[in-house]
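Accompanying notes for the structure given below.
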Amino acid sequence: MGKITGENATLAASNAFNSFARNKSYVIPGIYDLEVEDTNWVLTSSFIIFTMQTGFGLLESGCVSVKNEVNIMMKNIIDVVLGGFTYWIFGYGLSFGRGSLSNPFVALGDFLLDPSVDDPLMGQIFAAFLFQLSFSTTATTIVSGAMAERCNFKAYCLFSLLNTIIYCVPAGWVWGEHGFLRNLGVVDIAGSGPVHLIGGASAFASAAMLGPRLGRYSHGNDPLPLGNPVNACMGLFVLWWGWLAFNSGSTYGVSGSKWMYSARAAVMTMLASFGGGFWSVMYSMVRNDGKVDILDLINGILASLVSVTAGCFCYGAWEAILVGFIGSILVCFLTPIFDKMGVDDPVGGINANNFLGMIIKINISASAVHGLGGIWGVISVGLFADNPKPLGTTNGRMGLFKGGGWYLFGIQCLCALCLLSWGVLSTFILLYVINKIVPIRMDPNEELLGADLMEHRVKHNSIGISRALSALIPIDVELREMMNVPKIGHNPGHEKCLSSIREQIEEHENWITYEQSPPPKKTRRRSKPKSTLTMKSAFSSKRRSPRALSFGTLTYDKDKNESPNLTFRRGAAHIIPADRDSVAQRNEFMPTISSRVDNKQNGTHFAWID
């Protein structure tokens, strides 16, 4: 018999495990029913999905003012660090725990996940955990855009730490074996509901509780200028790329018939984005007299991607295009309506009118794109879904327009209602509690100066920060320390040297000038050409000799290593003798600059800068 090595050994071990697991008393939960090739696909998809954090960061930072772009990126980092940490502690267990106390509402078990090497499911557990972790951090990141430019960073850190609860409980309803919606037959392949609808609903509640940004409606309801449109477009491309793994990876493997539906999911995802992009271009050109608005196009494409996510491999080509097209229509039409109906009521009231005011004045696209797109995505499965044979994704059911009757459509509507209610109410409660501990809204002065400066000590150039500090310091004396924060892109050491030079130039404005006496006429032989340095001030950048800085006007013969014949004129301050050592002169005039005197020019009145 030949020796079993390499791939054959891995395959033999896998077959042995599967044979043991299926023929003995060990029961494999569905989430861990992975072959070797399935695990490889799930892990690879997880890695790509994590790149969506980059896309969200670029998109959100490009949509806010420059003085808050670093803060947005920091929030995306915090979402992964703190949100991921709590997902490992208890989040995964709330969604997919296998404890005896699990019930249709919440799972319990598998907290602080760490299977031992003796666990026959160790590899499958880690692969499943990483895949679900990438979904969880995405749901939390959606909220950061809705809280941009006015949320206290410390409060946001606390929110990111605890927002895991808001995502993980409904994720268990839809995907966990204990979940009541799953057991009723709901279909959501890649998370239009648990990820995007929950994220959009949470963003909606967050924006409502924080209230509009200062001056948001002072010049009407039109969108505010983008901080960096290129970053926003780059963010769209990164998200587009990540969405392919988001949807294709949700086949949860490539074994059997899964690989065919994985390919179908990728193509349907792209077709849906074509439909959404096509509509948003037409809509924007009509609305803007033939010009295409960046945000219209970005939001339209993202809405179509959110919409197709729930049923990505259950649609045919035309169904996918139509789902993306309608999702883009909903977002493009309803987002401007929110802005045009803007009412700047205080958020503190509880009565119906104030609550309506909070709802209407939300202007963050996260609520519309992920919220409305998520609702439509969940419901559209009940209308257009095929039965993806032989997979049991839909439990043999089809959508209403495919002759499947009303059952699947009704379950999908119930799912959308449950997720929307949970997302809004749980976020209101969580932020209310956090606000009692740390105020969730930034101080108005800090909001005017920007979170980059006040939270992260990042001072931008040429965006009015210094002017804002000058206006606010008389009101808040503690802001004086912000004047000493160095501006980004500058070397403070160089700035100090240049400031010292400028000060000493001003001090020696009337420096001695030097003139060369007429040369003696000893011979008719033509003299060699001379090099002349004419300096308009004590230091000049227009020098004709490399590295040379002179005081005043000096004519010097380069071919003779000797000092020129100099005469002096008295200035207002000093007289420097002709035989004064140039190093001492340099040190007196420029004590803060590291310099040297070239040996070839030693004895002349030159200061040399390395």
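The values are calculated or read from the model by the stated rules, or taken from the named source; none is laboratory data. Quick caveat: nothing in here was measured; it's all calculated off a predicted structure. Every residue, glycine among them, receives a Cβ derived from its backbone with ideal geometry; neighbour counts consider all protein chains shown. Accessible surface areas use protein heavy atoms only, side chains included; no ligands, DNA or RNA. Shrake-Rupley method; radii C 1.70, N 1.55, O 1.52, S 1.80 Å.
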(message) Taking the solvent-accessible surface of protein heavy atoms with a 1.4 Å probe, what is the per residue accessible area of segment 108-235 in Å²?
(response) 30 Å²
(message) Given a 1.4 angstrom probe, I'd like the percentage of the accessible area of segment 64-161 that is carbon and sulfur, rounded to a whole number.
(response) 73 percent
(message) Which trypsin sites (Lys or Arg not before Pro) in segment 381-485 sit in a loop by DSSP (not H, G, I, E or B) and have at most 14 other Cβ atoms within 10 Å of their own Cβ?
(response) 457
(request) Would you work out if segment 175-225 is rounded, prolate or oblate? Take a ≥ b ≥ c from the square roots of the eigenvalues of the alpha-carbon gyration tensor; rounded if a/c is under 1.5, else prolate when a/b is larger than b/c, oblate otherwise. (result) prolate
(message) Using the basic label-point model (7 angstrom from Cα toward the beta carbon), what is the residue 183 to residue 89 distance in nanometres?
(response) 3.0 nm
(request) Compute the distance in nm between two label points, each set 7 Å from the Cα along the Cα-to-Cβ direction, one at residue 217 and one at residue 471. (result) 2.2 nm
(request) Sort the following peptides by mean Cβ neighbour count (other Cβ atoms within 10 Å, averaged over residues), highest first: 188-194, 132-138. (result) 188-194, 132-138
(request) Please get the size of the charge dipole for segment 116-201, origin at its Cα centre, with Cβ charges of +1 on Lys and Arg and -1 on Asp and Glu, quoted in debye to the nearest 20. (result) 340 debye
(request) Report the calculated FRET efficiency for residue 407 and residue 111 (r = Cβ-Cβ distance, R0 = 41 Å), to the nearest 0.05. (result) 0.70
(request) Provide the gained length on full extension for the span residue 162 to residue 481, in nm with one decimal, where the gain is 0.36 nm per separating residue minus the Cα-Cα distance. (result) 111.6 nm
(request) Just subtract the alpha-carbon distance of residue 288 and residue 126 from 0.36 nm times their residue separation and send over the number in nm, one decimal. (result) 53.3 nm
(message) If I stretch the segment between residue 260 and residue 81 completely, what's the gain in nm (0.36 nm per residue apart, minus their alpha carbon distance), one decimal?
(response) 60.9 nm
(request) Please say if segment 75-129 is rounded, prolate or oblate, where rounded means a/c under 1.5 for a ≥ b ≥ c the square roots of the C-alpha gyration tensor eigenvalues, and otherwise the choice is prolate for a/b larger than b/c and oblate otherwise? (result) oblate
(request) Can you tell me the order of 205-213, 374-382 when each peptide is scored by its average per-residue count of other Cβ atoms within 10 angstrom, highest first? (result) 374-382, 205-213
(message) As a quick test, which of the pairs 67/496; 75/154; 67/154 have an alpha carbon distance above 21 angstrom in this structure?
(response) 67/496
(message) Given R₀ = 35 Å, what would the calculated FRET efficiency be for residue 389 paired with residue 429, taking r from the Cβ atoms and rounding to 0.05?
(response) 0.25
(request) At a 1.4 Å probe radius, which order do 422, 88 fall into by accessible area, largest first? (result) 88, 422
(request) Would you please give the FRET efficiency between residue 317 and residue 437, computed as 1/(1 + (r/R0)^6) with r the Cβ-Cβ distance and R0 = 56 Å, to the nearest 0.05? (result) 0.65
(request) Give the residue from 152, 96, 58 lying farthest towards the positive end of the charge dipole for segment 54-183; charges sit on Cβ (+1 for Lys and Arg, -1 for Asp and Glu) and the dipole is referred to the Cα centre. (result) 152
(message) Classify segment 171-263 from the C-alpha gyration tensor, please: rounded if a/c falls under 1.5, else prolate or oblate depending on whether a/b exceeds b/c.
(response) oblate
